[in-house]
Amino acid sequence: NAMKIVLASRNRKKIGELKALLSEYIPNIEILSLDDVGIMGEIEEDGETFEEHALIKARVAATSGYVGVGDDSGLTVDVLGGAPGIYSARYAARCGYAGEHNDEANNQVLLQQLEKYSDAERTGAFVCTVACVFPDGRELTLCAAQPVTGRTHQLRVHFAHLGTPMLG
């Protein structure tokens, strides 16, 4: 029997990449989407941290009876008090940006906010948290932070990765 894991996602690319990653270590694994197990609707991410959001998603996925996996990631900038943080994917909208709300808009809003700061002051991290909730109720979270510096292209690269798989 295959080990079944439900990823709190509907993104087929993300599911495929997680399967490719985990199959190197667990040969007989099946990664399922929320749709595959009949979990409909959007998951309300009403937590205040990356860890809370990842756990919220994993708990929903675990209602399937299988191991549930959720993730959350984003960019934190020190001089902005940790912003955009958990709002990274929706930062332009959150800041009232009038244009399209996508990675490029998020970059533009962030860079406008950083204009008055020197490269040396533009420090922060790209944060990724993964949570697993097991059928017996055990919960596990892992968090990694990759420091970033003030170079514009580095900020752009990290913002561009917000829509990609949690472990990619």
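Quickly run through the range 80-104 and pick out the residues that are more than 24 Å from T149 (Cα to Cα) and among the acidic types (D, E). Scanning the range 80-104 gives a single hit, E100. Condition first: at pLDDT 90 or above, over 22 Å from R10 (Cα atoms) and not aromatic (F, W, Y). Can you find one or more residues in the range 90-108 that meet it? No; the residues of the range 90-108 include none that is at pLDDT 90 or above, over 22 Å from R10 (Cα atoms) and not aromatic (F, W, Y).
Here's the yes/no breakdown for (1) under 16 Å from A62 (Cα atoms); (2) open to solvent by 50 Å² or more (accessible area, probe 1.4 Å); (3) of a type in the set (D, E); (4) in contact with a Ser or Thr (Cβ under 9 Å, 6 or more places away or on another chain):
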{"residue": "K4", "(1), (2), (3), (4)": "yes, yes, no, yes"}
{"residue": "G16", "(1), (2), (3), (4)": "no, no, no, no"}
{"residue": "A20", "(1), (2), (3), (4)": "no, yes, no, no"}
{"residue": "N28", "(1), (2), (3), (4)": "no, yes, no, no"}
{"residue": "D36", "(1), (2), (3), (4)": "yes, yes, yes, yes"}
{"residue": "I39", "(1), (2), (3), (4)": "yes, no, no, yes"}
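Closer than 23 Å to T149 by Cα, touching a helix residue (DSSP H, G or I) at 6+ places or on another chain (Cβ under 8 Å) and surrounded by fewer than 19 Cβ atoms within 10 Å (Cβ to Cβ), is that true of E115? So E115 fails the test. Restricted to the range 60-71, and to residues there that are free of Cβ contacts under 8 Å to residues at least 60 places away in the same chain and either over 18 Å from the mean Cα position of the chain (by Cα) or assigned to a strand (DSSP E or B) (or both), the residue that is farthest from Q113 (Cα to Cα) is S64.
Scanning the range 43-74 for residues that are acidic (D, E) and open to solvent by less than 20 Å² (accessible area, probe 1.4 Å), which turns out nearest to Y91 (Cα to Cα)? Across the range 43-74, the extreme among qualifying residues is D72.
The values are calculated or read from the model by the stated rules, or taken from the named source; none is laboratory data. Given the structure is predicted, the values throughout are model-derived calculations rather than measurements. When we count neighbours, we look across all protein chains shown, and the Cβ atoms used for this are built from the backbone with ideal geometry, even at glycine. Quick note on the areas: whole protein, heavy atoms, side chains included, nothing else; ligands and nucleic acids left out. Shrake-Rupley method; radii C 1.70, N 1.55, O 1.52, S 1.80 Å.
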